[in-house]
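Undergrad: Following this message is one structure expressed as structure tokens.
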Amino acid sequence: MRSGFNGTIVELIRGDITLEETDAIVNAANSRLAGGGGVDGAIHRAGGPEIMAECRKIHNGCPTGEAVITTGGRLKARYVIHTVGPIYSGGSSGEEEKLQDAYRNSLALASSKGLRSVAFPSISTGVYGYPVDDAARVALRTVTEFVKTDKEITLIRFVLFSDRDLQVYSDALKALSASL
Ligand code: ADP
């Protein structure tokens, strides 16, 4: 499914983000940039050791909601943008704001580097436990708000890892488009 917002395409697909050919892919990292399981582990495995070598040079890591950029190593994507989503603990601890920050700061970083296309995984909805339907609404609202004022990014692709996640994001995108 794809929709246009202010000249930017927002696209939803099911797939493996490590295979994406967008200018950057986004990693759902942890604040120490230490690698790990889930999409983080998959990106480091596929991209090779150059990515971790650059992460180690970022001495303060990456606080929740912020974003940093490294090479894409062996990936087809030239860059990996590492962002850290919130750990979900009930929803009243600022999780929504932190998830918004993660998407917004990733896009702002991509835009500041002149990148045109960015692929996101479903940040925080794996090990970090954010309910996927809520996270999908936040993610899609945040990126469509961002492109209202941005002039660089022309494609934002969400690469969902399961049919169910793709369905949930598709329903959220339909609802968002209908409300505009
Ligand atoms: P978090 O710690 O932010 O919750 P996870 O990596 O645990 O991050 O999960 C985030 C999402 O990424 C989950 O929906 C998971 O299924 C998905 N995921 C795992 N591997 C991949 C991959 N190779 N490509 C795209 N999405 C992936």
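Undergrad: Okay, helix-only estimate at 222 nm for the chain: each DSSP H run of n ≥ 4 adds -39500 (n - 2.57), divide by all residues, round to 500 deg cm²/dmol; what do you get?
TA: Values: 5 runs with 69 residues, N = 180.
Mean residue ellipticity at 222 nm (helix-derived): -12500 deg cm²/dmol.
Undergrad: Note the direction-averaged projected area, equal to a quarter of the hull surface, for the Cα convex hull of segment 36-133, in nm².
TA: On the way: hull surface 25.6 nm².
If I average the Cα hull's projected area over directions, I get 6.4 nm².
Undergrad: Something else: Using 7 Å Cα-to-Cβ label points, what is the Leu180/Ser89 separation (nm, one decimal)?
TA: Rounded to a tenth, the inter-label distance reads 3.5 nm.
Undergrad: How would you rank 74-83, 61-70, 24-33, highest first, on the average number of other Cβ atoms within 10 Å across their residues? Please report the intermediate quantities before stating the final value.
TA: Working: 74-83: 21.6, 61-70: 19.3, 24-33: 24.5.
Those peptides, ordered most packed to least, come out 24-33, 74-83, 61-70.
Undergrad: Figure the gain on full extension for Leu155 and Met1 (residue separation times 0.36 nm, minus the Cα-Cα span) and round it to one decimal in nm. Don't skip to the end; give the middle numbers.
TA: Numbers: separation 154, 0.36 × 154 = 55.44 nm, distance 1.29 nm.
Difference between extended and current length: 54.1 nm.
Undergrad: Next question, about the same structure. Could the peptides 125-132, 101-108 be put in order, highest first, of the mean number of other beta-carbon atoms found within 10 Å of their residues? Could you put the intermediate results ahead of the total?
TA: Working: 125-132: 18.6, 101-108: 22.8.
Per-residue Cβ counts within 10 Å, averaged per peptide and sorted highest first, yield 101-108, 125-132.
Undergrad: Kindly report the accessible area of segment 2-179 per residue (heavy atoms of protein chains, probe 1.4 Å, no ligands, DNA or RNA), in Å². Each step should come with its number before you reach the end.
TA: Working: 8300 Å² over 178 residues.
Counting only protein heavy atoms, the per-residue value for segment 2-179 is 47 Å².
Undergrad: Oh, and also: Give me the net charge of Asp134's neighbourhood, meaning all other residues with Cβ under 15 Å from the Cβ of Asp134; Lys, Arg count +1, Asp, Glu -1. Spell out each step's value before the answer.
TA: On the way: positive: Lys98, Arg137, Arg141, Arg164; negative: Glu95, Glu96, Glu97, Asp133, Asp165, Asp171.
Residues near Asp134 contribute -2 overall.
Undergrad: Using a cut-off of 11 Å between beta-carbons, work out the net charge of the residues near Pro121 (Lys and Arg +1, Asp and Glu -1, Pro121 not included).
TA: On the way: positive: Arg157; negative: Asp16, Glu20, Asp40, Asp165.
In short, -3.
Undergrad: Now for a different question. Excluding Thr70 itself, what net charge comes from residues whose Cβ is under 13 Å from its Cβ, given Lys and Arg +1 and Asp and Glu -1?
TA: Working: positive: Arg56, Lys57, Arg74, Arg78, Lys113; negative: Asp40, Glu50, Glu54.
Spelling it out: positives minus negatives among the neighbours equals +2.
Undergrad: Sticking with this one: Which translational diffusion coefficient, to the nearest whole µm²/s, is obtained for segment 83-160 from the Stokes-Einstein equation, given a Kirkwood hydrodynamic radius over C-alpha pairs, 10 °C and 1.306 mPa s?
TA: D, rounded to a whole number, is 125 µm²/s.
Undergrad: Here's another thing I want to ask about it. Taking all protein chains as present, what is the carbon and sulfur share of the accessible area of the chain, in % to the nearest whole number, probe 1.4 Å?
TA: On the way: 4140 of 8510 Å².
Exposed carbon and sulfur together represent 49 percent of the surface.
Undergrad: Please give the FRET efficiency for Arg56 paired with Lys76, using the beta carbon to beta carbon distance and R0 = 35 Å, rounded to the nearest 0.05. Could you put the intermediate results ahead of the total?
TA: On the way: r = 23 Å, r/R0 = 0.67.
Using R0 = 35 Å, I get an efficiency of 0.90.
Undergrad: Separate question: What is the Cα radius of gyration of the chain over 2.2 N^0.38 Å, N being its residue count?
TA: On the way: Rg = 14.8 Å, N = 180, 2.2 N^0.38 = 15.8 Å.
For the chain, the normalised Cα radius of gyration comes out at 0.94.
The values are calculated or read from the model by the stated rules, or taken from the named source; none is laboratory data. It should be emphasised that the depicted structure is a prediction, and the values quoted were computed from it without experimental measurement. Positions of Cβ are generated from backbone atoms using ideal geometry, with glycine treated the same way; all protein chains shown enter the neighbour counts. Please note that ligands, DNA and RNA were not included when accessible areas were found on the heavy atoms of the full protein model with its side chains. Shrake-Rupley method; radii C 1.70, N 1.55, O 1.52, S 1.80 Å.
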